[in-house]
1. What is the Cα coordinate range of the stretch 117-184 on the first, second and third principal axes, sorted by size from largest, in whole angstrom?
2. Once the dipole of the chain is set up with Lys and Arg at +1 and Asp and Glu at -1 on Cβ about the Cα centre, which of 67, 189, 28 lies farthest towards its positive end?
3. Roughly what would the spin-label model give for residue 85 and residue 46, points 7 Å off Cα along C-beta, in nm?
4. How much mean residue ellipticity at 222 nm does the chain get from its helices, if each DSSP H run of length 4 or more adds -39500 (n - 2.57) and you divide by all residues, to the nearest 500 deg cm²/dmol?
5. Per residue, how much accessible area does the stretch 144-217 have with a 1.4 Å probe, in Å²?
6. Using only the Cα atoms of the chain, what semi-axes does the equivalent ellipsoid have when each is the square root of 5 times a gyration tensor eigenvalue? Give whole Å, largest first.
7. What does the highest-first list of 123-132, 51-60, 198-207, 107-116 look like by mean Cβ count within 10 Å?
8. Give me the tail of P(r) for the stretch 145-217 as a percent: Cα-Cα pairs with distance above 15 Å.
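The values are calculated or read from the model by the stated rules, or taken from the named source; none is laboratory data. Since we're looking at a predicted model, the values are computed, not measured. As a convention, Cβ positions derive from the backbone with ideal geometry for all residues, glycine included, and neighbour counts pool all protein chains shown. To get the accessible areas, we keep the full protein, side chains included, count just its heavy atoms, and leave off ligands, DNA and RNA. Shrake-Rupley method; radii C 1.70, N 1.55, O 1.52, S 1.80 Å.
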Amino acid sequence: MSRSVEAGPALSPITADDVEFAVRLAAGVLRDAPPERWGGRAGSLEWDCWETVEHLANDLLYYAVQLGPQSPPLDTHVPFALSRKRPDGPGVFVHAERDAGPAGLVQVLEACGALLVAMVRTTPPQVRAHHAAGVSDPEGFAALALQEMLVHMHDLAEVGFAWDPPSALCSRVLARLFPHAPGGSDPWLTLLWATGRAELTEHPRLTAWRSDSTPRP
């Protein structure tokens with residue numbers, strides 16, 4: 001029997017604790033990844049696995065800093081300068097030291113995650129800040145972080161590990177960021193469909209997608 005995506009109003013809000021849990025879960029899995037697989041391509045992405053985790057850490061830090069100014073900008077992001085190590089690589093503003101190896105990279109991920117957890121936990125819920133998916137509140141940034149964590153860990157499973165996040169967490173991310181996603185299917189598979197990574201029955205794989213981080217009533 002498939003698990004259907006629950007309606008948004010029946011679900012509890014996404015919190016800093018959820019982000020903390022997801023970062024801890026991901027870090028625990030990544031620590032056990034085979035060292036020789038880090039240079040391999042991450043799923044359908046054009047990035048290797050190291051670049052993908054570095055991108056993920058940058059996402060978490062990016063969400064944290066958007067909430068940082070006393071009056072966050074609403075029409076553009078806080079202007080940290082991005083750079084790329086190669087033309088097809090991700091744009092980042094923080095790099096992990098290669099000499100520190102995968103263990104050091106995971107520490108960078110944990111540190112960036114901890115900063116976002118602290119910001120979501122301490123920022124008043126009425127605060128708004130810019131994001132390309134819509135001007136958002138702290139819960140929205142937490143949801144965006146979970147989306148990034150869950151689906152990029154799916155990409156990274158090419159390194160050689162299993163990744164099957166909790167169904168309830170996937171349901172809440174869908175309700176917060178993809179309120180019009182179809183119900184009736186496994187929430188994790190539906191989240192992969194909503195982010196262009198899988199097909200659903202009667203719903204072909206998306207070639208373009210976008211989450212909606214605007215606050216919910």
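1. Taking the Cα atoms of the stretch 117-184, the three principal extents are 40, 30, 22 Å.
2. Looking along the dipole axis, the top candidate is 67.
3. Those two pseudo-labels are separated by 1.7 nm.
4. -14500 deg cm²/dmol
5. 42
6. Equivalent ellipsoid of the chain: 25, 23, 16 Å, largest first.
7. The most tightly packed comes first, giving 51-60, 107-116, 123-132, 198-207.
8. Tail of P(r) above 15 Å: 52 percent of Cα pairs.
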